[in-house]
Amino acid sequence: AIGWGLIGASTIAAEHMLGAIRAQAGHDVVAVMSSNARRGREYAEKNAIASACGSLDELLQNPAVQAVYISTTNELHKAQVLAAAAAGKHVLCEKPLALTLADAREMVAACAGAGVVMATNHHLRNAATHRKIRELVAQGAIGKPLFARVFHAVYLPEHLQGWRLDRPEAGGGVILDITVHDVDTLRFVLGAEPVDAVGLAQSASLARHGLEDGVMAVLRFDNGVLAQIHDAFTVKHAGTGIEIHGATGSIIGRNVMTQRPVGELVLRNADGETPLVVEHENLYVRGVAAFCAALRGQGQPAASGADGVRSLAAALAVLQSCKTGQRIAIAP
Ligand code: NDP
């Protein structure tokens, strides 16, 4: 049996990841670390976790813990990953991996050096819809891919209206929250790397202290594709989607930039519109399954640490472009 420790008594762990870990045969969550002892105990009790602790050292010294899931606020990920790697624990870390590229690279190097598996929790590449798009693009179903559009402007649920909106030092803002996911999804479906970014950000109603709650950006990929990205925390009725437009056809995905296993795809070309059938599957369960297989030496995690570095590099370039008004080259 493999025991997991949760680093961070977070919403995402309670809403999605506890269930995804417990869906794996032989895996369970045995400990949770919270910076607040009382909240940690309550969280453990509510979620049937055997022990709660108030320090990272205590969690990492627990011999029943072989893997950790890190879902604290973003400024804390780095030190926690480095400590987990040093303790020989496998690491599934939330996005964005860190607030700087140098930090994210250091985290990946530390895990590689310690010989532990590291993954980034980019859930969208586990969606049946995005996997289908990747497959069709690779098969040439739309000819040469030319453009992509990502619609990911949503309303941040009230129970999440905290640090994302008012704590720049914790890595708040919509770009580090949502744009990183878009970039990972585009890299996955296109099989290409982003090289340039331009963006304009908005601070319309929810975000404070210089943070942005909306952004429109354009990325250029190394296969020539231009990708348009629209992300927000402030929009209630836009709906989400992704479109990939190629020389001979377009793939249109609706309601696919989401945590839930839902959404529809159509292929539009000279033959008209063809609905694409996918078998929806829980995104987080699939992601954790790939991580657990990697622990057994079978295959790679769905999104590696290096994937997390790539998505962060592009998101930081978008942020920098928004701040400077310049086109920014994305660090390779
Ligand atoms: P939360 O705000 O729920 O949790 C983050 C931290 O805030 C926790 O570690 C906890 O600290 C503290 N906290 C949580 N609830 C309370 C509370 N009621 N009062 C005081 N402090 C509290 O964040 P999310 O779960 O939304 O996000 C956590 C991480 O996961 C981020 O890195 C985010 O980017 C990522 N994320 C990823 C998603 C994905 O699909 N891949 C989706 C959502 C988030 P402590 O542990 O010390 O108690």
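Structure values in brief
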{"read-out": "Local net charge near G210, Cβ-Cβ under 13 Å (Lys/Arg +1, Asp/Glu -1)", "value": "-1"}
{"read-out": "Kirkwood hydrodynamic radius (C-alpha pairs) into Stokes-Einstein, segment 4-69, 20 °C and 1.002 mPa s, D in µm²/s", "value": "187"}
{"read-out": "Size of electric dipole in segment 190-293: Cβ of Lys, Arg +1 and of Asp, Glu -1, about Cα centre, debye, nearest 20", "value": "300"}
{"read-out": "Positive-pole candidate from F221, G143, Q326, dipole of the chain, charges at beta carbon", "value": "G143"}
{"read-out": "Alpha-carbon centroid distance for the pair segment 187-236 / segment 14-63, whole angstrom", "value": "34"}
{"read-out": "Charge dipole magnitude, Cβ of K and R +1, D and E -1 - segment 255-332, Cα centre, debye nearest 20", "value": "460"}
{"read-out": "D_trans [Stokes-Einstein, Kirkwood Rh over alpha-carbon pairs] for the chain, 25 °C, 0.890 mPa s, µm² s⁻¹", "value": "122"}
{"read-out": "Neighbourhood net charge (15 Å Cβ-Cβ; Lys/Arg +1, Asp/Glu -1) for V137", "value": "+4"}
{"read-out": "Cα-based convex hull, segment 204-244, per residue volume (Å³, whole number)", "value": "72"}
{"read-out": "Mean accessible surface per residue for the chain, computed with a 1.4 Å probe while every protein chain stays in place, in Å²", "value": "42"}
{"read-out": "Sequence-distant lysines (8 or more away, or on other chains) whose Cα lies within less than 30 Å of K78", "value": "K46, K89, K95, K323"}
{"read-out": "Cα gyration tensor shape for segment 253-328, rounded if a/c is under 1.5, else prolate or oblate", "value": "oblate"}
{"read-out": "Inter-centroid distance (Cα atoms) of segment 97-138 relative to segment 294-332, Å", "value": "8"}
{"read-out": "0 to 90° range, to nearest 10: angle between helix 37-46 axis and the chain longest Cα axis", "value": "70"}
{"read-out": "Partner aspartates and glutamates for K132 [C-alpha distance under 17 Å; skip if fewer than 8 residues away on the same chain]", "value": "D182, D184, E243, E264, E273, E279, E281"}
{"read-out": "CD proxy at 222 nm, helix term only [per DSSP H run n ≥ 4: -39500 (n - 2.57); per residue of the chain; nearest 500]", "value": "-9500 deg cm²/dmol"}
{"read-out": "In Hz, Karplus ³J(HN,Hα) per residue of segment 279-284 (6.51, -1.76, 1.60; θ = phi - 60°; x = Gly, Pro)", "value": "9, 5, 8, 4, 5, 6"}
{"read-out": "Net charge over other residues, Cβ less than 13 angstrom from the Cβ of L319 (K, R count +1; D, E count -1)", "value": "-2"}
{"read-out": "Dipole moment magnitude, nearest 20 debye, the chain about Cα centre, only Lys, Arg, Asp, Glu C-beta charged", "value": "140"}
{"read-out": "Between helix 180-190 and the chain: long-axis angle, C-alpha atoms, 0 to 90°, nearest 10", "value": "50"}
{"read-out": "Farthest toward positive dipole pole in segment 194-277 [+1 Lys/Arg, -1 Asp/Glu at C-beta], among L265, L276, S203", "value": "S203"}
{"read-out": "Residue range of the chain that is longest and free of GluC sites (Glu not before Pro) which are both DSSP loop and sparsely packed (at most 14 other C-beta within 10 Å)", "value": "1-278"}
{"read-out": "Compactness of segment 38-135 as Cα Rg over 2.2 N^0.38 Å, two decimals", "value": "1.21"}
{"read-out": "5 angstrom amide H check on V68, placed H, neighbours 5+ away", "value": "G5, H90, V91, L92"}
{"read-out": "Tail fraction, Cα-Cα pairs, segment 90-160, threshold 18 Å, whole percent", "value": "63"}
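The values are calculated or read from the model by the stated rules, or taken from the named source; none is laboratory data. Because the structure is predicted, anything quoted here is derived from the model rather than measured. Methodologically, a virtual Cβ is constructed for each residue, glycine included, from the backbone with ideal geometry; neighbour enumeration extends over all protein chains shown. For accessibility, only protein heavy atoms count, side chains too; no ligands or nucleic acids. Shrake-Rupley method; radii C 1.70, N 1.55, O 1.52, S 1.80 Å.
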